[in-house]
Amino acid sequence: MVFGQVVIGPPGSGKTTYCNGMSQFLSLIGRKVAVINLDPANDSLPYECAVNIEDLVKLSDVMMEHALGPNGGLVYCMDYLEKNIDWLQSKLEPLLKDHYLLFDFPGQVELFFLHSNAKNVIMRLIKKLNLRLTAVHLVDAHLCSDPGKYVSALLLSLSTMLHLELPHVNVLSKIDLIENYGKLAFNLEYYTDVQDLSYLQHALGQDPRSAKYRKLTKELCDVIEDYSLVNFSTLDIQDKESVAKLVKLIDKSNGYIFAGMDASAVEFSKIAVRNVDWDYYRYPSFHLFQSLAEVQEKYIKDDDDVN
């Protein structure tokens, strides 16, 4: 079995930054990681890319050749990838033996709750290559400071979960910047646990711009609560403990923690006795792992608690 993550989320939620930081973290705890860029508009990658969709199709070329805008161009690119899935499969097959896969998808949210092409690509890879994937859906944490935007983020997360039909982890990214755009009306746990949304409806009713949509807001909140599926983990990509906590959650959701239980102990023991070849100053924006020993100790301790 091959394990990995499907990284999705709106533009600006930090998907590429996440893939870069997560690949570094996983490498440090002993996993061989391959990052697969499936965003045909992402031509400036901070990470080493094992497979790049731009070798197959580029958004700029599609827009020019077919007179499409960015959104229509991305839909076309995903359709083209679906029709050429054998190309992607052939690129992935050499990685299956010993790599953990990170799929960096485009930020166009319609691809993941409205159109079927991205879902079809993922499902065909799962069936053909026996992959165990978790969808990691990133949402910018600053949306919590605006009740209307937070409700929209909840609806987007719920729609994406239902559409993709994958093990799913919703993440409030950039949690360290959460109050840069305004003070939260409630404590952070209210937003991560998606507690009683009637309080949020009251806050929305105080805003004259949204007061006239009070009934619509109530109905939308009722839908979210009726499904009772959405909650959020938090992530500060520069905090090693935050990243380690999220990795444990993802490992439980896709089964890695159970399938690789013995292997995990071996990985950590190897790290403990070898020099780690990692240039700290090469990644100044990711001060993630100042103490590898702390990461090992916390990760192993929490795994023991789960078991």
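The values are calculated or read from the model by the stated rules, or taken from the named source; none is laboratory data. Small disclaimer: the values here were computed from a predicted structure and weren't measured. Every residue, glycine among them, receives a Cβ derived from its backbone with ideal geometry; neighbour counts consider all protein chains shown. All accessible areas refer to the heavy atoms of the entire protein, side chains included, with ligands and DNA or RNA removed. Shrake-Rupley method; radii C 1.70, N 1.55, O 1.52, S 1.80 Å.
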When only residues in the range 233-251 that are under 15 Å from the mean Cα position of the chain (by Cα) and basic (K, R) count, which is least open to solvent (accessible area, probe 1.4 Å)? K248
Residue in the range 1-15 that is most open to solvent (accessible area, probe 1.4 Å), counting only those that are in a loop (DSSP other than H, G, I, E, B) and closer than 22 Å to L177 by Cα: P11
Of the residues that sit in the range 16-36 and are open to solvent by 10 Å² or more (accessible area, probe 1.4 Å) and outside any helix (DSSP H, G or I), which one is farthest from L133 (Cα to Cα)? G30
May I ask you to verify whether D79 is touching a residue at least 24 places away in the same chain (Cβ under 8 Å), surrounded by 16 or more Cβ atoms within 10 Å (Cβ to Cβ) and out of contact with any Cys (no Cβ under 7 Å at 6 or more places or on another chain)? yes
Any chance Y190 is open to solvent by less than 40 Å² (accessible area, probe 1.4 Å), without any contact (Cβ under 8 Å) to a residue 60 or more places away in the chain and either over 19 Å from Y18 (Cα atoms) or in contact with a helix residue (DSSP H, G or I) (Cβ under 9 Å, 6 or more places away or on another chain) (or both): yes
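Is one or more of the residues making up the range 52-64 over 27 Å from L143 (Cα atoms), touching a residue at least 60 places away in the same chain (Cβ under 8 Å) and surrounded by 19 or more Cβ atoms within 10 Å (Cβ to Cβ)?
No; the residues of the range 52-64 include none that is over 27 Å from L143 (Cα atoms), touching a residue at least 60 places away in the same chain (Cβ under 8 Å) and surrounded by 19 or more Cβ atoms within 10 Å (Cβ to Cβ).
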Can you go through L204, L216, L288 and tell me which one is modelled with pLDDT of 70 or more and either surrounded by 15 or more Cβ atoms within 10 Å (Cβ to Cβ) or within 24 Å of the chain's Cα centre (by Cα) (or both)? L204
Complete set of residues in the range 126-159 that are in a helix (DSSP H, G or I) and in contact with a strand residue (DSSP E or B) (Cβ under 6 Å, 6 or more places away or on another chain): A141, A153, S157
